[in-house]
Amino acid sequence: MMNKKITIMIVDDEPIVRESFLHWFERLGCMVETAASGFEALEKLKQSAYDLLFVDIKMPGMNGVELLERVKEEYPGTIVIIITAYGSIDTAVEAMKKGAADYLLKPFKPEQLSLVMEKVLNQKKLITEYEYMKGRLEKISRFDNIIGQSGAMQKVFDMIQEVAQSDSSVLIVGETGTGKELIAKAIHAKSRRAQHPFIAINCGAIPESLLESELFGYQKGAFTGATQPRKGFLEIVSGGTLFLDEIGETSPKMQVDLLRVLEEKKITRLGDRCQLDVDFRLVSATRRDLEEEIKRGKFREDFFYRIHVITMQVPALRNRKDDIPLLVEHFIEKYSHETTKKVDHMSRDAMALLQDYDWPGNVRELENAVERAVVLSKSRTLGKEDFSFLRPAAIRTAESQSLRDMEKAYIESVLDDCDWNITRAAKILTVNRVSLHKMIKRYGLIRPLRV
Amino acid sequence: MKPVGVVPFGEVDAIVLKTVAAHILGYLQIATEVAPPMEFPGYAYDNKRFQYDAGAILKAFESVSFHDFTKIIGILDADLFVPILTYVFGEARQGGKCALISLHRLKRNLDGSEASPPVLFERVAKVALHELGHLYNLIHCENERCLMHFSGGIRDLDKAPPYFCRYCSVYLRDALSPAKNDDDKTHDGGNG
């Protein structure tokens with residue numbers, strides 16, 4: 001039996017046409033309602049939802065095209081089929097341009113009506129599937145990508161929901177590896193801008209001169225090598241969300257430029273005089289204490305107030321250790337699936353070890369550690385020995401050592417582990433390569449000579 | 001249970017009437033009788049469309065009392081239409097008592113040639129069983145291998161099997177169960 005129950009409304013001023021449709025659709029097992037005018041149809045649409053409307057073009061009061069426009073504006077999900085007579089084909093074409101799914105020329109062959117219904121049912125099926133998948137994706141981003149059942153993370157989840165509804169600038173503050181970009185993505189995914197682009201830029205990883213051209217775009221001939229005009233991210237992101245990671249690393253000049261964009265909502269491409277309107281929501285992230293940076297004169301106060309209308313604090317992993325078992329379980333599942341290794345357990349002492357560790361690289365470091373353990377493990381259970389690369393010195397905080405000494409020692413040990421491969425070490429330390437080079441220079445670290 | 005009636009409007013070949021009755025009895029095990037003919041519905045002729053208005057005939061048909069039959073199928077040789085469609089093979093109200101079947105288009109093949117008697121008989125029987133299905137509240141079925149699947153034209157009708165799918169058979173059996181047909185006694189003639 002036909003089980004795709006769809007709700008239909010027939011809008012026609014001729015009772016005999018309404019009755020004719022009514023009988024036809026009853027035989028199809030559809031829920032059918034009729035309306036004698038566009039006004040009556042709009043009243044009925046306020047009361048109940050309809051999947052499909054058959055609308056006669058010629059009606060007194062409000063004609064079919066006017067009704068179509070109102071329906072598409074107020075109930076865009078409702079499919080409208082226009083019914084027309086021989087003399088009004090042009091109007092039918094106009095209706096198609098305004099969003100009608102199809103039109104039927106009165107009287108029509110039974111098979112034409114049948115084909116239209118088939119098309120509509122397929123369309124409805126696609127919409128239903130899309131809605132289902134969208135719901136699933138939302139669930140995944142909420143419960144899969146950002147994992148945590150601790151009170152601290154629940155607060156973050158609640159705040160994402162609230163923040164997503166507004167259009168204010170958001171500043172996400174948290175240590176490296178805490179998932180600031182995931183939170184920015186979640187805010188975007190739940191906002192009204194979700195259908196538009198999400199563009200993430202790591203301000204610390206791009207040299208200032210390049211950052212300017214990447215953000216603002218340029219005209220042909222703006223500088224040597226600008227052989228073609230190019231759109232900047234501020235243009236490309238139109239309607240969406242721009243995520244500026246490591247905003248604390250931007251130069252004072254860039255802060256001035258960005259401040260002007262945020263205030264005027266206009267940009268000028270490099271080498272151009274014309275101003276272009278831009279529309280985006282700014283989400284920034286930093287691991288620095290920006291207020292401290294303002295005091296040090298490294299960050300502009302006016303820019304700071306622009307970007308932190310709403311501030312979200314992301315807790316460090318060491319402050320939500322209750323979440324470690326859940327995260328470990330997730331990463332084991334992820335990497336055993338990716339590597340097709342049958343690892344599905346973790347010993348108690350291994351878990352205790354992980355919960356004892358302070359995780360300076362936060363969730364990203366934990367993920368890397370689990371990935372490495374899964375790849376190298378020879379059994380289905382990860383034991384303490386699989387995490388021997390986590391240095392005992394780093395597991396227990398030595399009271400005698402300063403934070404600076406500990407950071408230096410840790411960086412050195414990671415570099416040694418990676419045979420001073422900067423890219424690999426930077427990945428484990430969850431910093432970019434430029435920052436790692438700066439750290440090496442700052443701490444005066446020297447690569448040991450090979451014998 | 002009262003029998004199903006088959007009623008000709010005007011002149012209809014007796015073999016056609018007997019074929020319909022035999023198919024209803026054979027496929028649905030419902031006793032079927034051919035009733036005396038009714039007058040040809042000349043009143044339903046539409047001068048603009050040169051066709052007969054199925055809705056008007058059905059309305060008149062339903063106003064007649066048929067106490068002796070549980071359902072009635074009227075057969076006529078006239079081109080039927082409903083306002084929104086160019087033609088219909090048959091017409092019945094969902095869950096009603098009376099159905100109409102037109103022989104006019106069933107007699108012609110797609111290429112315009114005249115259908116042979118066996119082909120015509122098979123087509124009429126299929127339309128009769130389909131319309132009877134509607135009278136027993138069956139709706140159009142998605143399964144193309146089911147008699148309740150919608151046939152948009154002669155080609156579809158010729159492809160349709162002369163039987164109901166498993167699900168429609170179950171629904172039909174439920175509708176024909178003695179408990180459901182007890183109300184025949186009280187509602188008899190309500191539609192007719």
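Once you sort the root eigenvalues of the Cα gyration tensor of the stretch A:316-390 as a ≥ b ≥ c, which label holds: rounded (a/c under 1.5), prolate (a/b larger than b/c) or oblate (the other case)? Present the calculation step by step, with values, prior to reporting the outcome.
Working: a/c = 1.77, a/b = 1.50, b/c = 1.18.
Taking the square roots of the gyration eigenvalues as a ≥ b ≥ c, the stretch A:316-390 is prolate.
Any chance you could list the semi-axes, whole Å, largest first, of the equivalent ellipsoid that the Cα gyration tensor gives for the stretch B:4-182, using √(5λ)?
Working: eigenvalues 107, 78, 49 Å².
Calculated on Cα positions only, the semi-axes equal 23, 20, 16 Å.
Around residue A:208, under 11 Å between beta carbons, what's the net of Lys plus Arg minus Asp minus Glu among the other residues? If you can, show how the numbers build up before the last one.
On the way: positive: A:253; negative: A:212, A:214, A:249, A:257.
Its environment carries a net charge of -3.
Any chance you could run the full-extension gain for residue A:16 through residue A:407? It's 0.36 nm times the residue separation minus the Cα-Cα distance, nm to one decimal.
Values: separation 391, 0.36 × 391 = 140.76 nm, distance 8.43 nm.
The span from residue A:16 to residue A:407 would gain 132.3 nm if fully extended.
Taking the Cβ of each residue in A:291, A:371 as the centre, tally the other Cβ atoms inside 10 Å and list the residues starting with the fewest. Present the calculation step by step, with values, prior to reporting the outcome.
Numbers: A:291 12, A:371 16.
Final ranking by Cβ density, sparse to dense: A:291, A:371.
What is the spin-label model distance, in nm, from residue A:209 to residue A:329 if the labels are put 7 Å beyond Cα along the C-beta direction?
Roughly 5.3 nm, to one decimal.
Once you have a ≥ b ≥ c as the square roots of the Cα gyration tensor eigenvalues for the stretch A:7-129, tell me rounded if a/c is under 1.5, and otherwise prolate or oblate according to whether a/b is larger than b/c. Walk me through the numbers on the way to the answer.
Numbers: a/c = 1.16, a/b = 1.07, b/c = 1.08.
It is rounded, given that a/c, with a ≥ b ≥ c, falls under 1.5.
How shielded is B:77-84 by partner chains, expressed as the average number of their Cβ atoms within 10 Å of its Cβ atoms? Kindly include the intermediate steps, with their values, before the conclusion.
Details: counts 0, 0, 0, 0, 2, 9, 11, 19.
Counting other chains' Cβ atoms within 10 Å and averaging over B:77-84 gives 5.
Please list the non-local residues whose amide H lies under 5 Å from the amide H of residue A:202, H modeled 1.01 Å from N, same-chain partners needing a gap of 5 or more.
A:245
Please list log₁₀ I(q)/I(0) at q = 0.18, 0.20 Å⁻¹ for the stretch A:398-451, using the Debye equation with identical point scatterers on the alpha-carbon positions.
Per q value, in the given order, log10 I(q)/I(0) is -0.57, -0.68.
Which net charge results for the neighbourhood of residue A:283, defined as the other residues with beta-carbon distances under 10 angstrom from its beta-carbon, given Lys and Arg at +1 and Asp and Glu at -1? Don't skip to the end; give the middle numbers.
Numbers: positive: A:180, A:185, A:281; negative: A:181, A:245.
Here the charged neighbours net out to +1.
Please work out the FRET efficiency for the pair residue A:356 and residue A:288, using the Cβ-Cβ distance as r and a Förster radius of 25 Å; give the result to the nearest 0.05. Provide the component values of the computation, followed by the final result.
On the way: r = 28 Å, r/R0 = 1.12.
The value I calculate is 0.35.
Hey, got the average number of other protein chain Cβ atoms within 10 angstrom for residues in B:42-55? The partial results should precede the final answer.
Working: counts 0, 0, 0, 0, 0, 0, 0, 1, 0, 1, 0, 1, 2, 4.
What the average comes to for B:42-55 is 1.
Please find the FRET efficiency linking residue B:33 to residue B:119, where r is the Cβ-Cβ separation and R0 is fixed at 22 Å, and quote it to the nearest 0.05.
Working: r = 26 Å, r/R0 = 1.16.
E(calc), rounded to 0.05, equals 0.30.
Would chain A count as rounded, prolate or oblate if I go by the C-alpha gyration tensor, calling it rounded below 1.5 in a/c and otherwise prolate when a/b exceeds b/c, oblate otherwise? Intermediate values should be presented prior to the final figure.
Values: a/c = 3.05, a/b = 1.86, b/c = 1.63.
Here chain A falls in the prolate category.
Residues of B:149-155, mean number of Cβ from any other protein chain within 10 Å of their own Cβ, rounded to a whole number?
Mean shielding by partner chains, rounded to a whole number: 4.
Over the alpha-carbon set of the stretch A:230-376, work out the extent along each principal axis and list the three values in angstrom, largest first.
Computed over the Cα atoms, the extents are 63, 37, 22 Å.
Which one, A:227, A:312, A:286, is farthest towards the positive end of the dipole of the stretch A:146-315 when Lys and Arg carry +1 and Asp and Glu -1 on their Cβ?
It is A:227.
Please rank A:300, A:260, fewest neighbouring Cβ atoms within 10 Å first, as an exposure proxy. Kindly include the intermediate steps, with their values, before the conclusion.
Details: A:300 20, A:260 14.
Least to most surrounded, the residues fall as A:260, A:300.
Hey, if you put +1 on the Cβ of every Lys and Arg and -1 on every Asp and Glu Cβ in the stretch B:68-150, which of B:132, B:109, B:119 ends up farthest toward the positive end of that dipole?
Towards the positive end, the residue furthest out is B:132.
Counting Lys and Arg as +1 and Asp and Glu as -1, what is the net charge of the other residues whose Cβ lies under 15 Å from the Cβ of residue B:147? Intermediate results must be reported in sequence, preceding the final value.
Working: positive: A:27, B:123, B:126, B:145, B:159, B:166, B:173; negative: B:122, B:131, B:142, B:144, B:156, B:158.
So the surrounding residues net to +1.
Compute, for the protein assembly as shown, the length of the dipole vector about the Cα centre, with Cβ point charges of +1 (Lys, Arg) and -1 (Asp, Glu) only. Units Debye, rounded to 20.
Details: 87 positive and 92 negative charges, 451 e Å.
Roughly 2160 debye for the protein assembly as shown.
Share of antiparallel DSSP beta bridges in chain B, in percent to the nearest 5?
Details: 8 of 25 bridges.
For chain B, the DSSP antiparallel bridge percentage is about 30.
Find the all-direction average of the projected area of the Cα convex hull for the stretch A:233-319, expressing the result in square nanometres with one decimal place.
Its average projected convex-hull area is 6.7 nm².
Could you work out the relative contact order of chain B? I mean the mean sequence separation of Cα pairs under 8 Å and 6+ apart, divided by the number of residues, in percent.
21
Can you work out the FRET efficiency for the pair residue A:420 and residue A:376, with r the C-beta to C-beta distance and R0 = 22 Å, to the nearest 0.05? Walk me through the intermediate numbers first.
Values: r = 21 Å, r/R0 = 0.95.
FRET efficiency, residue A:420 to residue A:376: 0.60.
Taking the beta-carbon count within 10 Å as an exposure proxy, list A:39, A:299 from fewest neighbours to most.
Working: A:39 15, A:299 23.
By the 10 Å Cβ count, ascending, the order reads A:39, A:299.
The numbers here are math on the coordinates, done by the rules we state, and not lab data. Since the model is a prediction, treat every value here as computed from it, not as a measurement. Quick reminder, even Gly has a Cβ in these numbers, built from the backbone with ideal geometry, and neighbours come from all protein chains shown.
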